[in-house]
Amino acid sequence: MTCARSESCVIACAEAWRGAGEILASPMGLIPSIGARLARLTFSPDLLLTDGEAMLVGVDGTVEGWLPYRQHLTLVTSGRRHVMMGASQIDRFGNQNISCIGDWEKPKRQLLGVRGAPVNTLNNPTSYWVPKHSRRVFVEKVDMVCGVGYDRAAGARHHRLPRVVSDLGVFDFATPDHSMRLASLHPGVTVEEVRDATGFTLTIPDEVPYTREPTPAELRLIREELDPADARAREVPEGART
């Protein structure tokens, strides 16, 4: 059974929570949310999901428990949460910007603001989802640091950036200086495409594997239960099957 690029992205996001145990999963964005729910249904059944407010919920939204704000903060600050955020800019060491484009004193464009990015990155594992990989996002230096990268996180007990997932592949920081490395290519993508769409020099191994394909059971869950309307294809609008 063949899969779409958007489904490869779902799998790559889901894998961020493999073996995580009983921690709080906080996906931001459609494809990360489908990925977290898929992980809960398959290889990470102990994941905790929320409604975004104060309730723990199941994959279908059924309320499973109450998560008061003070308890939520305890999870956040103790490393027992894995958030997957977006990034308007991200650099080679994983510094992320969602606040502004240009000089922060007089920005060309105002974005979301810093929000909870510093607390997230310094206190619990944080991954990133980028639906459109380009040099405008993968930059040599972010205009403002919101999420903290490896070159700025000395002494942070729970700082860890497990992965960055884009519509082209999966990236990690498994290098001696914790700079970004190409970990896998989505099926149909080439190393040259990734290199051309990245604004800094990536570490690229001699052999780069492909992102694993979903199993038939996972494809059925994605297509029939988690996203039957195929909203994922609007986030990663690539019609060709791979």
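Taking a probe of 1.4 Å, how large is the accessible area per residue of the range 43-148, in Å²?
Using a 1.4 Å probe on heavy atoms only, each residue of the range 43-148 averages 52 Å².
Among the aspartates and glutamates, which fall within straight-line cross-link reach of Lys108, defined as a Cα-Cα distance under 20 Å, with same-chain neighbours fewer than 8 residues apart omitted?
Within the straight-line cut-off, Lys108 pairs with Asp91, Glu140, Asp143.
Pop out the carbon and sulfur fraction of the accessible area of the chain as a percent, whole number, probe 1.4 Å.
Looking at the chain in its full context, I get 51 percent from C and S.
Could you give the nm distance between label points at Thr62 and Arg157, where each point is 7 Å from its Cα heading toward the beta carbon?
Placing both labels 7 Å beyond Cα along the Cβ direction yields 3.7 nm.
Can you list residues whose amide H is under 5 Å from Ser99's amide H, if they're 5+ apart or on another chain and H is modeled 1.01 Å from N?
Placed amide hydrogens put Gly113 under 5 Å from Ser99.
Return the loop-located trypsin sites (Lys or Arg not before Pro) in the range 1-57 (DSSP other than H, G, I, E, B) with at most 15 other Cβ atoms within 10 Å of their own Cβ; answer none if there are none.
When the trypsin sites (Lys or Arg not before Pro) of the range 1-57 are filtered for loop state and at most 15 Cβ neighbours within 10 Å, Arg18 remain.
Rounded to the nearest 5, what % of the DSSP beta bridges within the chain are antiparallel ones?
For the chain, the DSSP antiparallel bridge percentage is about 55.
As a check on your grasp of the helix formula, calculate [θ] at 222 nm for the chain: sum -39500 (n - 2.57) over DSSP H runs of n ≥ 4, divide by the residue count, round to the nearest 500.
Rounded to the nearest 500, the figure is -5500 deg cm²/dmol.
For a quick check of understanding: with a 1.4 angstrom probe and all protein chains in place, what accessible area in square angstrom does Arg195 have, to the nearest ten?
Ignoring ligands and nucleic acids, Arg195 comes out at about 110 Å².
How high is the relative contact order of the range 35-140, given as a whole-number percent (alpha carbon pairs under 8 Å, six or more residues apart)?
23
By average Cβ neighbour count within 10 Å, what is the ranking of 100-112, 138-150 from highest down?
Ranked by mean Cβ neighbours within 10 Å, highest first: 138-150, 100-112.
Please report how far the C-alpha centroid of the range 124-170 lies from that of the range 56-119, rounded to the nearest whole angstrom.
Answer, in whole Å: 12.
The values are calculated or read from the model by the stated rules, or taken from the named source; none is laboratory data. Quantities reported herein were computed from a predicted structural model and do not represent experimental measurements. As a convention, Cβ positions derive from the backbone with ideal geometry for all residues, glycine included, and neighbour counts pool all protein chains shown. We work out accessible area using only protein heavy atoms, side chains counted, and drop any ligands, DNA or RNA first. Shrake-Rupley method; radii C 1.70, N 1.55, O 1.52, S 1.80 Å.
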